[in-house]
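Let me begin by presenting the structure, written as structure tokens, before commenting on it.
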Amino acid sequence: MAEASNALFRDSELINQGKGLLIADESFDLSGISAKENIRYITNRKDIDNDLQKMGFDGNLSDFELEDAPDDYFDFILFRLNKSKVLTNYLLVQANRILKEGGSLILTGNNKEGVKSVIKHAEKMGAVVELELLGKGLRYARIEKRAGGEIELDGEEYRNFIQIEDEAQEIEFVSKPGIYGYKKIDEGSIFLAQTLNKDKFSLEGKVLDLGCGYGYLAASVGKNPKIESLVATDCNVASVMVCDHNLKELGIEATVTLDDCGSQLEDRSFDRIICNPPFHQGFGTSQDLTIKFVQNTKRLLRRKGIAYFVVNRFIAIEKVCYDEYVKCTELTGNPQFKILKLERLK
Ligand SMILES: C[S@@+](CC[C@H](N)C(=O)[O-])C[C@H]1O[C@@H](n2cnc3c(N)ncnc32)[C@H](O)[C@@H]1O
């Protein structure tokens, strides 16, 4: 997993001088990387921002707001290919603008991730001056910006908000690219919301939506009168902004925070947690994420608190819960998803 990210740094002569920009979205893997003073980063995720800061990098956390960066500013840009085509298009257009003439876009990614076609698009900003296959389909490309180069892609789509109609609940959500599953309502989340709304005793007291995305779960349960206070949190900048907007529009009072798995929230402070945990990190799946979500759920739950998770059937979350001294019971399920009740054992 880390090879494609590490490969960005392989030409030490080139990246040791001049001003560099590291694009660090969820596909970027930090293991094996060390900070450099001449490289600043931009990320849209609080967990990555925390980690890069700890390593000694400087940079900023935003929804990739590169519009603020001056034209012809950077000598090089490091970009490990991203999963979202809309974001990739936006980043290529911006890279063409903010790179100096003669500056390099260093692009890495795997054939099966579609790196070849991205290199083809990027080539339009100048010329591919280096292209190497580093084994097992991993490609390294250096594209030099030349005068008159143009990226013929729609970079603007990344900034467009869209509307999602939830006909069943007669709710409308605002969403945008960069947010998990931004165009749709997650089937697992629909199942969890229906399950929770069928039983009026399922939620009470202080409730947390952990990994809230654009706010579907919080919005679906938020009018339950037994809820005394509602907190929604996510590590993704755009999610938090849009979730806050959506809950306000629906008249649901909630605190929405940008955080790494609720790390800034007080230990043992929630009666109920609702969660559709992530199991993808960039192009791959990650068991570490499941562990992280179970550990933090345990930390945040009050002694007699309950968490409701919806997970794909193939995720062996029960084993993770057992390791972490968390009781895990399947409440209900269908062929694709299971709804689990998590309680702390100690
Ligand atoms: C499967 S999605 C569910 C989103 C939303 N609850 C829904 O039902 O549509 C998982 C969410 O977890 C968020 N996430 C991933 N890692 C996180 C972390 N370390 N801290 C907080 N949220 C995280 C993602 O940004 C994403 O919004």
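The values are calculated or read from the model by the stated rules, or taken from the named source; none is laboratory data. Owing to the predicted nature of the structure, the values given are computational and were not obtained by experimental measurement. With ideal geometry, Cβ positions are generated from the backbone for all residues, glycine too; neighbour counts draw on all protein chains shown.
Looking only at residues of the stretch 201-230 that are touching a Gly at 6+ places or on another chain (Cβ under 8 Å) and within 22 Å of residue 49 (Cα to Cα), we find that the one that is nearest to the ligand (Cβ to nearest atom) is 213.
For residue 307, the criteria (1) touching a helix residue (DSSP H, G or I) at 6+ places or on another chain (Cβ under 7 Å); (2) closer than 23 Å to residue 182 by Cα; (3) crowded, with 20+ Cβ neighbours inside 10 Å hold in every case but one, which is (2).
Here are 142, 45: which of them is of a type in the set (D, E, K, R) and within 16 Å of the ligand (Cβ to nearest atom)? Spell out the reasoning first.
Numbers: 142 fails: within 16 Å of the ligand (Cβ to nearest atom).
Step by step, each of 142, 45 is checked, and only 45 is of a type in the set (D, E, K, R) and within 16 Å of the ligand (Cβ to nearest atom).
Select from the stretch 257-276 the residues that are at negative phi and crowded, with 23+ Cβ neighbours inside 10 Å and list them in ascending order.
Applying the first criterion (at negative phi) to the stretch 257-276 yields 257-260, 263-267, 269-276.
Across the stretch 257-276, the qualifying residues are 270, 272, 273, 274, 275, 276.
Contact annotation: residue pairs with Cβ atoms under 8 Å, 6 or more positions apart or on different chains, pairing a residue in the stretch 223-236 that is more than 13 Å from residue 213 (Cα to Cα) and assigned by TED's automatic domain parsing to the domain that holds residue 180 with a partner that is exposed (fewer than 14 other Cβ atoms within 10 Å of the Cβ) and aromatic (Phe, Trp, Tyr), are 226/201.
Looking at the structure I just gave you, is residue 25 buried (at least 16 other Cβ atoms within 10 Å of the Cβ) and either in a loop (DSSP other than H, G, I, E, B) or not hydrophobic (A, V, I, L, M, F, W, C) (or both)?
Working: buried (at least 16 other Cβ atoms within 10 Å of the Cβ): yes; either in a loop (DSSP other than H, G, I, E, B) or not hydrophobic (A, V, I, L, M, F, W, C) (or both): yes.
Criteria met by residue 25.
Among the residues of the stretch 1-33, just one is small (Gly, Ala, Ser), more than 16 Å from the ligand (Cβ to nearest atom) and touching a helix residue (DSSP H, G or I) at 6+ places or on another chain (Cβ under 7 Å), namely 32.
Could you list, in sequence order, the residues of the stretch 67-91 that are among the hydrophobic types (A, V, I, L, M, F, W, C) and either touching a strand residue (DSSP E or B) at 6+ places or on another chain (Cβ under 7 Å) or in the same structural domain as residue 280 (by TED's automatic domain parsing) (or both)? Before the answer, list the steps.
Keep residues of the stretch 67-91 that are among the hydrophobic types (A, V, I, L, M, F, W, C), which gives 69, 74, 76-79, 81, 86-87, 91.
Within the stretch 67-91, 74, 76, 77, 78, 79, 81, 91 qualify.
For the stretch 266-285, a residue qualifies if it is within 12 Å of the ligand (Cβ to nearest atom) and touching a Lys or Arg at 6+ places or on another chain (Cβ under 9 Å), and the qualifying residues are 277, 280, 282.
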